[in-house]
1. Quick one: which residues, 5+ away or cross-chain, put their amide H under 5 Å from the amide H of B:GLU12? H built at 1.01 Å from N.
2. Could you pull out every one of the lysines with an alpha carbon less than 26 Å from that of A:LYS247, ignoring same-chain neighbours closer than 8 positions?
3. Under 1.5 on a/c is rounded, so check that first for region B:233-330, then, if it is not, pick prolate when a/b is larger than b/c and oblate when it is not; a ≥ b ≥ c are the square roots of the alpha carbon gyration tensor eigenvalues.
4. In angstroms, what radius of gyration and Dmax does region B:1-107 have, counting Cα atoms only?
5. Mind counting lysine pairs for me in chain B? Cα separation below 29 Å, and the two need to be 8 or more apart along the chain or on different chains.
6. For chain B, what does the helix formula give at 222 nm: sum of -39500 (n - 2.57) over DSSP H segments with n ≥ 4, over the residue count, nearest 500 deg cm²/dmol?
7. With viscosity set to 1.306 mPa s at 10 °C, what whole-number translational diffusion coefficient in µm²/s follows for region A:1-156 from Stokes-Einstein and a Kirkwood radius over Cα pairs?
8. Of A:TRP253, A:HIS51, A:PHE200, which is farthest towards the positive pole of chain A's charge dipole, taken about the Cα centre with +1 and -1 on the beta-carbons of Lys, Arg and Asp, Glu respectively?
Amino acid sequence: MDILTWGRNPWDQPVLTHISWNLLWAALFAGLAFLVAHASYMIFSAHRKRHAAETDAMEIARADLPDRIVRHSLPARLFHWLMAAAMFTLLITAFLPVVGLRFPWVTWHWIAGLTLTGSILFHIIHATVWLDFWSIWVGPRDLPELRAELLRDLGHDVPGPRPGKYPLGNRLYHLAIVVVALVAVVTGLCMMVRIRTPFFTRNPYLFSDTTWGVTYVDHGLAGVTLVGLVIAHVYFAARPEKWWITKAMILGWITRRQYLEHHDPDRWAVRQLPTPNSATPNSTTPNSGLASPTL
Amino acid sequence: MAVIRDVMPAFELFQPTSVEAAQAVLDRYGAGAWVLAGGLDSLDWLKDRIRRPQAVVDLGAIAELKGIRERDGGLEIGAMTTLTEVVRHPGVRERYAILLEAAEAAASPQIRNQATIGGNVSQDARCWYYRAGWPCYRAGGNICYADTPDAINREHAILGADRCVAVNPSDTAPALIVLDAQMVIRTAGGGERVVSAEDYFVGPGIDITRMTVLEPGALLTAIRLPRTWAGAQFYFEKIRDRQVWDFALVSVASAMTTSGSTIERIRIAVNGVAARPLRLRAVEAVAEGRPRNEATAVVAANLAVEGAQPLGFNAYKVPLMRNLVKRAIRGVEAAAWTS
């Protein structure tokens, strides 16, 4: 199977042109294979989560927390769904013609690309200024959590750290999508100077043939990788045990019990917002208002 | 670029005597097969060694693809009927004279003797960057060499460009569109599919590597001319660099019925301005019900070129197309030529 396609430029030099679209099928296969493998593992694994009794005790101890805890602000949710719509439009317009469903896709593709670019710029500013920027990133400090999560997946009851605001899988996925989407966006913006848009004067000679070839190949590789990543994302969003996270991306909040059951309050401290019905932070009266995460 | 001309690469030659046998060969060789009709387009590709098929399927021995027959009050033209046979057929002359004019204008007598109407409508783009074998969009690459600041693009598209700016070179195509011709296709699975001439051609936005809807393994078997526009008032004009024979810079075809001086119905199509022959629906809508005069022709002609985006060297096509549309509606003598 060829991975790359080549042509010969007017000087008879070999130049890269695209990735082979066989890689699309490879990405689809990889995504679906992961889905099947993970689903099978989840059926037979002894994944351990916090015991109900332990969660009960924490709920009593943290009765000062409101019933609903804000996990995603409205701007964050709007960004997510706008980005999702742009991403699906990009993948549909890119790959349906490849598999034989022909339609005029180019204009829709670059409009979706610019929408994605705009939403990413918004997200960077929003996350930097208004959110806990580092809460989504992974680093050496997460190794104990990685070890604990692996052991829990293997059926061990270990006391290691629970996730902060975002589970480790979330953060690893975010890292992957950042790298791949940025490659797609940067190369896509460059490629826009090769087509007619209201924004750029066409200039196919902006780069050398070799640089253009690498640009197209990188864009293609990012595209097919996104196919696999989106399959994985949709799969996890649809899994029953993850539905509470998906619901939070729709409604914006999680329950106090979900917060205590799945998160480490020390790593994701919730700052209580004053509400008409709220009690004092030290009160033992359950609070029916919303709380926001610490910034 | 090193091109070895006039020496074709080796290939297996098949000369089947039925459509089924031809399709069996196409199926066996897949992407390595090449369909040969009259050969006027194919032999350039092969001699330039830009295309190197494993197998060439010559349709010349398939009798069912040849000849012109009466059908439902109209005509059915076999795809392998030569342009000369089209030009000489009395039924074409009496009822569909615009097709006669278009076929006659397509090429010199020698070429018309060899060229087929199926090949004429299915021929590939003549953009020399593409024909030189460079890795342009149409060839599966990622660039249009004709749409660059210093490209030689005098013959290229002013409308409907989507990355590729090549134009459709067929002369009979706009005539068939205004006649509401139906293209009969034998699909790779052996089924029959009939599409209108207008829908037979595809632009680069839909499929940048093909000029028609013909999928690999499919064959155009016949072209049916319904009686809808038989005997209408026709107009065909082709502007080319050399009058003896050349591809169209711009061509126009129209069919019209009138009541007194009012245009009752009109179909109008142009070629040489886009990657597919364009039916000018907006022009038709404006012209129908209006008097056939200079004022109507001017309005329609200006509408026809709306949205045109000339390249570096083909801005002349805008007034050329505008004037041809005007003449198609008003007539040669009455329509004043404007720049």
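1. B:ALA55, B:VAL56
2. The reachable lysines, counting only those whose Cα sits under 26 Å from A:LYS247, are A:LYS49, A:LYS165.
3. Details: a/c = 2.19, a/b = 1.61, b/c = 1.36.
Prolate shape, in that a/c is at least 1.5 and a/b is the bigger ratio.
4. Both quantities, over Cα of region B:1-107: 16.7, 53 Å.
5. On the way: B:LYS47/B:LYS66; B:LYS47/B:LYS238; B:LYS66/B:LYS238; B:LYS238/B:LYS317; B:LYS238/B:LYS326; B:LYS317/B:LYS326.
The number of close lysine pairs in chain B is 6.
6. Details: 13 runs with 98 residues, N = 339.
Per the formula, -7500 deg cm²/dmol.
7. Values: Rh = 21.0 Å.
Answer from the Stokes-Einstein relation: 76 µm²/s.
8. Value computed over the given set: A:PHE200.
Values in this text are rule-based calculations from the coordinates and carry no lab data. Predicted model, so just to flag it, every value in this text is computed and none were measured. No Cβ is skipped: glycine too gets one built from the backbone with ideal geometry, and neighbour counts run over all protein chains shown.
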